[in-house]
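Only one structure is covered here, and it is reproduced in the block below.
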Amino acid sequence: MKVQKILLIQTAFIGDVILGTAVIEKIHKYYPEAKIDFLVRKGNEGLLENHPLLNEVLIWNKQEQKKKNMFRMIRRIRQNRYDAVVNMQRFFATGLMTAFSHAPQRIGFKKNPLAFLFSKKVAYGYGDNIHEVDRVLALVAHFTDGQRNRPKLYPSQAQFDKVAPYKQHTPYLCMAPTSVWFTKQFLQTRWIELLKAIEQKYDTPPQVYLLGAPGDKEACEQIITQSNYPKIQNLAGELSLLESAALMKDAQMNYVNDSAPMHLASSQNAPVCTIYCSTTPHFGYGPLSENSTIVQVKDLDCRPCGLHGHKECPKGHFDCANKIEMRELLEVLN
């Protein structure tokens, strides 16, 4: 197979893009001279900033004039004359981009509605031991191999330098307490409980940094105020995604929900403790760091209650968060 110029397509959410970087690593390993481009939705391009293995990042604005911009992108893809286009999604729009790319190799999942126009169709795998990384790597297995490798992001030296002052307070913990989906996130009261338990565990409590987007700043501030934890700083909205990844890399532990910060930790092989509430790692989006722990309530008939979670608990009790044992969260610090 001719592999000189390849386009990878992943225009979904932050975590999906991070996991998709495993494909960049795999292709570069087998074809180090190949030019690899990556297509993302506008807003996610910062994840791939200064990525040393990428030739170009293409940006599709899905929020404004979505269809018009989609057809503009199709024209651009055609002009770039790719040898292969690898579509990591199962949806119509990216299927259209792939099908009409004019690339000799048009690779995607059989579940894509336009898969009949692809030159190579791959089954979308399910199973307890199948991770999303395994699924996307399966798209290129016929010209690489079938082995799993971790996703990887590349914070710049300037980004590491920005977070260096925070790392002077060692040891330190990072916590990302929020999520776009309410039932995916550990309850605010329970984060406060965790902080108080950590304070009681140590004679000298470790520094804690709260991470998140600008919209998470108020929630993080409430956690700080109500916990009275002695050494804690609200960094929500203060760091970019890559700067957050750079800080997480050297943390004693990163406490996260089933959300993007978990994948940031995986991209740095950083220690991570993922708290699963309404969702489950069996969906295939668990942590991939060597030092990773999953904490969840296993015996709930109502769990999982959906793929992405809900704005509120459908049952009203939120037992998937309330029944998490604090002991399990503290054990990862031993």
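The values are calculated or read from the model by the stated rules, or taken from the named source; none is laboratory data. Given the structure is predicted, the values throughout are model-derived calculations rather than measurements. We place every Cβ from the backbone using ideal geometry, glycine too, and count neighbours over all the protein chains shown. Just so you know, the surface numbers come from the protein's heavy atoms only, side chains and all, with ligands and any DNA or RNA stripped out. Shrake-Rupley method; radii C 1.70, N 1.55, O 1.52, S 1.80 Å.
Things to note:
- Some residue of segment 131-146 being modelled with pLDDT under 95, under 17 Å from Leu19 (Cα atoms) and either of a type outside the set (A, V, I, L, M) or crowded, with 16+ Cβ neighbours inside 10 Å (or both): yes
- Of all residues making up segment 67-76, the number that are surrounded by fewer than 13 Cβ atoms within 10 Å (Cβ to Cβ) and in contact (Cβ under 8 Å) with a residue 24 or more places away in the chain: 0
Condition check ((1) in contact with an Asp or Glu (Cβ under 8 Å, 6 or more places away or on another chain); (2) surrounded by fewer than 16 Cβ atoms within 10 Å (Cβ to Cβ); (3) without any contact (Cβ under 8 Å) to a residue 24 or more places away in the chain; (4) not aliphatic (A, V, I, L, M)) across all residues:
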site: Ile6; (1), (2), (3), (4): yes, no, no, no
site: Ile9; (1), (2), (3), (4): no, no, no, no
site: Asp16; (1), (2), (3), (4): yes, no, no, yes
site: Ile24; (1), (2), (3), (4): no, no, no, no
site: Ala34; (1), (2), (3), (4): no, no, no, no
site: Arg41; (1), (2), (3), (4): no, no, no, yes
site: Leu48; (1), (2), (3), (4): no, no, no, no
site: Val57; (1), (2), (3), (4): yes, no, yes, no
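- Scanning segment 196-209 for residues that are free of Cβ contacts under 8 Å to residues at least 60 places away in the same chain and open to solvent by less than 30 Å² (accessible area, probe 1.4 Å) turns up Pro205, Pro206, Gln207, Val208, Tyr209.
- Exactly one residue out of Phe160, Phe186 is within 20 Å of the chain's Cα centre (by Cα) and either outside any loop (DSSP other than H, G, I, E, B) or not aromatic (Phe, Trp, Tyr) (or both): that is Phe160.
- Residue under evaluation Gly212, criteria (1) outside any helix (DSSP H, G or I); (2) among the small types (Gly, Ala, Ser); (3) closer than 25 Å to Asn50 by Cα; (4) open to solvent by 50 Å² or more (accessible area, probe 1.4 Å), criterion not met: (4)
- Filter result for Phe116 (open to solvent by 20 Å² or more (accessible area, probe 1.4 Å), farther than 22 Å from Ser289 by Cα and in a helix (DSSP H, G or I)): yes
- Every residue from segment 132-171 that is under 19 Å from Gly108 (Cβ atoms) and in contact with a helix residue (DSSP H, G or I) (Cβ under 8 Å, 6 or more places away or on another chain): Glu132, Val133, Val136, Leu137, Leu139, Val140, Phe143, Thr144, Gly146
- When Ser267 is tested against the conditions (1) more than 23 Å from Leu210 (Cα to Cα); (2) among the small types (Gly, Ala, Ser); (3) in contact with a Pro (Cβ under 9 Å, 6 or more places away or on another chain), the lone failure is (1).
- Of the candidates Tyr172, Tyr154, the single residue that is within 23 Å of the chain's Cα centre (by Cα) and open to solvent by less than 10 Å² (accessible area, probe 1.4 Å) is Tyr172.
- In segment 248-297, of all residues being in contact with a Lys or Arg (Cβ under 8 Å, 6 or more places away or on another chain) and of a type in the set (Asp, Glu), the one that is most open to solvent (accessible area, probe 1.4 Å) corresponds to Asp250.
- Residue in segment 50-65 that is over 22 Å from the mean Cα position of the chain (by Cα) and modelled with pLDDT under 95 present: yes
To keep it simple, each residue is scored yes or no on (1) under 21 Å from Lys62 (Cβ atoms); (2) among the small types (Gly, Ala, Ser); (3) out of contact with any helix residue (DSSP H, G or I) (no Cβ under 6 Å at 6 or more places or on another chain).
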residue: Arg78; (1), (2), (3): yes, no, yes
residue: Arg81; (1), (2), (3): no, no, yes
residue: Arg90; (1), (2), (3): yes, no, yes
residue: Pro104; (1), (2), (3): no, no, yes
residue: Lys111; (1), (2), (3): yes, no, yes
residue: Lys120; (1), (2), (3): no, no, yes
residue: Gly125; (1), (2), (3): no, yes, no
